[in-house]
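Only one structure is covered here, and it is reproduced in the block below.
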Amino acid sequence: MLQIHHLRRRFGPMTAVDDLSFAAAPGECLGLLGPNGAGKSTTVSIVTGLLPADGGTVRIADRGGPGDPAVRAMTGVAPQALAFYDELTLIENIRFFGRLYDLAGPRLRARTAEVLDLVGLSDRAGSRAGTCSGGMKRRLNLAIALVHGPRLLILDEPTAGVDPQSRAAIMDTLEHLRATGVTILYTTHLMEEAERLCDRIVVIDRGRLVAEGTPSDLIRRHGGPATIVLRRADGTAERLPAASPRDTLLALLQDRDVMELHIERPTLETVFLNLTGRALRDEA
Amino acid sequence: MMHVLTLALKDLRLLARDRVGFFFTCAFPLLYAIFFGAIFSGSAGDRAGISVVVADLDQTPESAAFVEELRASSALEITLAGSEEAALDHVRRGRQTGAVILPPGFGQARSNPFSGSAATLRLAVDPARSAERGLLEGVVTERLFASLAQLFGDPLAARDLARRSQAGLAHRAATDPFVGAAVLPFLQSLESFMDQAVQQDGAPDDDAHAAPAGGLRPFAIEHVDVARNRSGEPPTAFAVSFPQAISWALIGCAAAFGISLVVERTRGTLPRLLVAPIRVGHLLAGKALACFTATVAVCVFLLLVGCTVFGIRPVAPALLALAVPVAASAFVGIMMLLSVLGRTEAAAGGIGWSILLIMAMVGGGMVPQFIMPAWMQHVGAVSPVSWTIRLLDGALWRGTTASDFATQSAALLGIGLGGLLLGIIVFRRRIAAS
């Protein structure tokens, strides 16, 4: 569905994207992870056609690049910024963008109602967008990207700055979309979201691909050993790396000083830190 | 085309819901037109006095004294003319409200009120200005009566007047029975009365000098109607203030839509529009169409108010119907240029309004150009506001020739096209570089 080959983009002396290649199969949810300045936004901008690439190609649905109107028509984009009009109502916003994708009449009305229902905003359809909460605005941002029924959905941190309820609603929506065969390119800093939603993950840093695979693959290959955390009778705590947690655990159980212990398995965040050597930015 | 219409409708809807933007594009121009129209309409009556030109054809000490008496009146602003025709021409051209003509013999007749011939003067006023005419006649009459009352308030002067009048009328006593039987005995009694007053070294009281004057008609006023030539002058101050207000509406629309394009960029809706299956040209055309539609709508609204409420009668309605879209086109181009001048909302607003206000200032949007010094009018010719007001003035009240209208329209369309092309080129480059 989405093929990126040897993509390059420079901004003056800085290389934002450096020979990046990856692909997303139809119906797949591909996570694009990377620290700040890794080149995620530049990659997304090139994939959506907002930025030209200095080199390499982007092909969508075997048709062409993002400059092709037919390709754009099958692509939905929910940018990180809340990209709609505060002065318009939710329904006006969705209908406006739907018309730009050549929806009209009963079809437009039906799709508007569907996406409002999908993101749980039907009861606020007539409210001005500016009066909605942050979570509602995020859901509206997503609804606008969905109104024309895209086959490829590009989501740039779609849950940034929302409350847990809205995040859960957005995740439910995205899981529903994935189940219906929509291909999703998903950038996020929230590893648990990526782990829950993404079939595969691409980790990039300094514009280059540093790892690619399913979440469990990445954890197995790059997560490192599990850690056993124990608390002794005198109140001190220890963290013990355990290449073989079972053997270490059995040994520790013989120790009468150990009052409490548990195993910390490596996560995507561990993978990320191991691969990029830097912490993710603060969660929004 | 549907995409362009969709984008334009969205922008119009946004404008309608933006209270500040709506105020500056619609309400402010209307307030401006009413406020300044009312000020200029009411100014004539609030001045220090009625402007009057006086032609003293008599050229006697008495006539000169009367001119000075008129000049002393706070109700009049007096200027002098050398001839009756010159004075009437002043009125005809509207430079003065009225003219007072003192014909030869006025002084002699005025100094001898019993000589049998009334001191006659002529008042020339535009018959359409009945209020000013009545006021001027009242002031002149009051001055004439005041001088007569002054005369009888001085016993010596009154006694001398009675003596001179008897001497002057003596030769008519034989031929005119009324003079012999009534006037001369009255003058003898008056002389005797005033003589006693002189000897008593006392001034007669008010009743004493009021009585002789009562019933006398020692002067006459002839009215001359001088129709004012109004060609080249606005029929009403609102005919001047409404074109200015329309220029403010154009400015308000250009600023509002110019800034809105920057807002699209800074708030993230522009990228979303650019990833939709529409062309950049659609986007800019939609913005231009919205600006054009809003501008024309506000202009039509202002003109309707001006015509129906404030009595403006366009001298060339067909040209006016052309002038509005021409002016709107010019400001669409200016809007497009303004939209690329600043990268942030604040910068675009600041730069845009600064440029537009200077355009308005030198172009006659704040004060009419015809009251500016000549050099400032030349400077103002570079402003699209000046061209717009001239175009609208020509169609509304000034009258215009086909070549003048074509020249002004071409200038405005050129400004619009230039701004549009430059704005589109810079906008496209920015998108490509961002």
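Computed from the coordinates by the stated procedures, all read-outs in this text should not be read as laboratory data. Since this is a predicted model, take the numbers as computed values, not measurements. Because the Cβ atoms are built from the backbone with ideal geometry, glycine has one as well, and the counts that use them run over all protein chains shown.
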(request) For chain B, with a Gaussian network of springs between Cα atoms less than 10 Å apart, report the residue from B:T141, B:T293, B:T236 with the top mean-square fluctuation. (result) B:T141
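If I take R0 = 25 Å and measure r between the Cβ atoms of B:E137 and B:T308 in this structure, what FRET efficiency does the formula 1/(1 + (r/R0)^6) give, to the nearest 0.05?
Once rounded, the FRET efficiency stands at 0.10.
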(message) Per 0.36 nm of contour for each residue apart, how much would the distance between A:E212 and A:D172 grow if the chain were fully extended, relative to their Cα-Cα spacing?
(response) 11.9 nm
(request) Please work out the FRET efficiency for the pair A:S127 and A:Q254, using the Cβ-Cβ distance as r and a Förster radius of 56 Å; give the result to the nearest 0.05. (result) 0.30
(request) Compute the signed sum of charges (Lys and Arg +1, Asp and Glu -1) over the other residues within less than 12 Å, Cβ to Cβ, of A:C29. (result) -2
(request) Place a +1 charge on the Cβ of each Lys and Arg in the protein assembly as shown and a -1 charge on the Cβ of each Asp and Glu, then give the dipole magnitude about the Cα centre in debye, rounded to the nearest 20. (result) 3220 debye
(message) Between B:A86 and B:F28, what is 0.36 nm times their sequence separation minus the Cα-Cα distance? Round to one decimal in nm.
(response) 16.5 nm
(request) Once you have a ≥ b ≥ c as the square roots of the Cα gyration tensor eigenvalues for the stretch B:78-145, tell me rounded if a/c is under 1.5, and otherwise prolate or oblate according to whether a/b is larger than b/c. (result) oblate
(request) Express the relative contact order of the stretch B:234-375 as a whole percentage, based on alpha carbon pairs under 8 Å and six or more residues apart in sequence. (result) 41 percent
(request) Would you tell me the mean number of C-beta atoms belonging to other protein chains that fall within 10 Å of each C-beta in B:6-12, as a whole number? (result) 3
(message) Suppose each label sits 7 Å from its Cα in the direction of the beta carbon; what would the A:H5-B:S403 distance come out to in nanometres?
(response) 6.7 nm
(request) Express the relative contact order of the stretch A:9-83 as a whole percentage, based on alpha carbon pairs under 8 Å and six or more residues apart in sequence. (result) 21 percent
(request) Using only alpha carbon pairs under 8 Å that are at least six residues apart, calculate the relative contact order of chain B and give it in whole percent. (result) 18 percent
(message) Which residue, A:P245, A:I170, A:T267, has the largest displacement toward the positive end of the dipole of chain A when charges sit on each Cβ (Lys, Arg +1; Asp, Glu -1)?
(response) A:I170
(request) With a 10 Å radius around each residue's Cβ, average the other Cβ atoms per peptide and rank B:15-22, B:323-330, highest first. (result) B:323-330, B:15-22
(request) Based on the mean of other Cβ atoms within 10 Å per residue, sort peptides B:359-370, A:143-154 so the most packed one is first. (result) A:143-154, B:359-370
(request) Quick one: which residues, 5 or more positions from B:G94 or on another chain, have an amide H under 5 Å from its amide H? H modelled 1.01 Å from N in the peptide plane, none for Pro or chain starts. (result) B:N229
(request) Just the number, please: percent antiparallel of the DSSP beta bridges in chain A, rounded to the nearest 5. (result) 65 percent
(message) Rounding to the nearest 10 and keeping the result within 0 to 90°, find how far the Cα-based axis of helix B:384-393 lies from the longest principal axis of chain B.
(response) 50 degrees
(message) Along the Cα→Cβ direction, 7 angstrom out, place labels at B:M2 and B:I425. What is the inter-label distance in nm?
(response) 3.5 nm
(message) Suppose the chain between A:L240 and A:R107 were pulled fully straight at 0.36 nm per residue; how much longer would it get relative to their current alpha carbon spacing?
(response) 41.9 nm
